[in-house]
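The values are calculated or read from the model by the stated rules, or taken from the named source; none is laboratory data. Here the structure is a predicted model, which means the values were calculated and not measured. Virtual Cβ from ideal backbone geometry, glycine too; neighbours counted across all protein chains shown. We work out accessible area using only protein heavy atoms, side chains counted, and drop any ligands, DNA or RNA first. Shrake-Rupley method; radii C 1.70, N 1.55, O 1.52, S 1.80 Å.
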Amino acid sequence: MSMHVAEYLVHFSNILMLVAYSVRDILWLRWFAVAAALTNIPYFLVRPERLWPPVVWALVFATINLFQILRIYMERRPVTLSDDEQKLYDIGFRSLRPREFVSLMLAGEWKNAAVGDRVLTEGTPVSSICIAISGTVHVQKRGEDVLDLEPGQIIGTALARRRVASRPSRRTPAILGPMTHRAHVFVSRRIPDDGLDLIREACDLELWDDELPPSRTELLRAVAGCEGILTLLTDRVDDELLDAAGPQLRVVSDLAVGYDNVDVPACTRRRIAVGNTPGVLTETTADLAFALLMAGARRIAEGDRLVRAGGWRTWGPLSFLGTDVHGSTLGIVGFGRIGQAVARRATGFGMPLLYAGRHRAAPEEEAAAGGASFVPLDELLARSDFVSVHVPLGPATRRLIGAAELRRMKPTAILINTSRGPVVDQAALYEALRDGIIGGAALDVTDPEPMPGGDPLLTLDNCLVVPHIASASRATRGRMAAMAAANLIAGVRGERLPNPVNPEIYET
């Protein structure tokens, strides 16, 4: 090759370097320019007397470009989103570059993305598609239109990438610029913003936004590739779900105090942290338990139904006779935090207090709870006017209150259950209420949940049922959401959960 051609190549590489320097965000051009400059080194070695000035300049430009490439990878520029970009972010995309380039990530349940009349994905997985946003962008989620962007609303280059469900989340390709790793997490229902905002800020969030929980098939598909999942008591977490999620799963955060929906030993075997939300709902649940006690005692719901049906004809001395709360004996089955909180409320009504459990409480706890007396369960059932159940669900407590236990109760006694539905044998409860073996029942939890509309218990006037609302105050549910979010975020970061159910995973 003649030296003239070599000189032309050197000058070309220098010009390319200047162009690359002026449009520094096009990384492939920068890399190409660096490569072009380096190819001139052999010519310099042959005839250094003629080529050293332009080659040296080419190498200087190459060095500058390499530093610029490194800076582009390393810098962390604050992101300012337009209204349209914010809308994209809210519905599942992530805007990574705030300048003339917009980077989008297509993930989870997104079905179609189109520019103008050209459909890009058609619901099939793609590794990467680089598109110039010059026409109308039409986006669908689960078959429903969620966004249309007109030409000029977003301009530049974008990358759409559909997540491969069987693999964990990966870092965005370098062409999009720097990105700190954001763990991909799934939240199985909309929760209060106290927790959801924390998760959005820290993680790549996929949210099941329907009112009803996901079906089993939908749940297994949604957790695939996740590093963390936030579940509710309606979501069964077992080996099947853990297999569907994949080996990268680090944490299961349950938005509840009880975690009978989670196979904790299965999670522990896989060194997956499990978290719950203890303590936060104690007082709120105790409020509802006492509200159910009073409503059952004074037949509140039954009277309300009569008035609404137009059946209130007159006041009568024998109408709606109930049970006095003050001075009546309250038996508490399970004397943990919630049971003790119920006992404290009962002291204001001058109620003698009995409790039964696996262990006797400390004397100071008995004193703080109004001087409650520890007795065997059979004695508690026989002596109590009200029996309030507050035990966790497990093999020892499933059907704890069955036909034999109900027969030991007074015929005027009222049973209150705010623990878990399977703690009470509902078939036996129906027969006891129907036959007058006990006076009434007030239930916040049932078996199954939700209770079918045709359940026999709903035909009885002496049975009050509410839809599992023990913790349903704005403040308490907000604190529960924040605690569950804290567990989730700590888990995906590899940190110890604030409220771990299986702390033994941290011991080795």
Size of electric dipole in segment 432-508: Cβ of Lys, Arg +1 and of Asp, Glu -1, about Cα centre, debye, nearest 20: 480
Exposure of Glu405 as accessible area (Å², to 10), given a probe of 1.4 Å and all protein chains: 40
Percent of alpha carbon pairs in segment 241-373 separated by more than 24 Å? 53
Normalise the Cα radius of gyration of segment 445-494 by 2.2 N^0.38 Å (N = residues in it) and let me know the number. 1.74
Most to least accessible of Phe186, Phe335, Phe320 (protein chains only, probe 1.4 Å): Phe320, Phe335, Phe186
For the pair Asp197 and Ala475, how long in nm is the line joining their label points, each one 7 Å along Cα→Cβ? 1.8
How big is the charge dipole of segment 241-322 about its Cα centre, in debye rounded to the nearest 20, if each Lys and Arg gets +1 on its Cβ and each Asp and Glu gets -1 on its Cβ? 160
Accessible solvent surface per residue of segment 296-432, calculated while the other protein chains remain in place, 1.4 angstrom probe, Å²: 51
Estimated FRET transfer efficiency (Asp243, Ala309; beta-carbon r; R0 56 Å; 0.05): 0.60
Taking the alpha-carbon set of segment 252-308, what are its Rg and Dmax in Å? 18.5, 56
Here Rg/Rh (Cα, Kirkwood) for segment 182-262 equals 0.92
log10 of Debye I(q)/I(0), alpha-carbon scatterers only, for segment 373-434 at 0.23, 0.26 Å⁻¹: -1.00, -1.26
Which value, in Å² and to the nearest 10, is the accessible area of Val34 when all protein chains are kept and the probe is 1.4 Å? 10
In whole Å, what is the distance between the alpha-carbon centres of segment 249-321 and segment 353-424? 16
Pair Asp378, Asp324: separation of 7 Å Cα→Cβ label points (nm): 3.1
Counting residues in segment 387-479 as N, plug N into 2.2 N^0.38 Å and put the Cα Rg over that result. 1.08
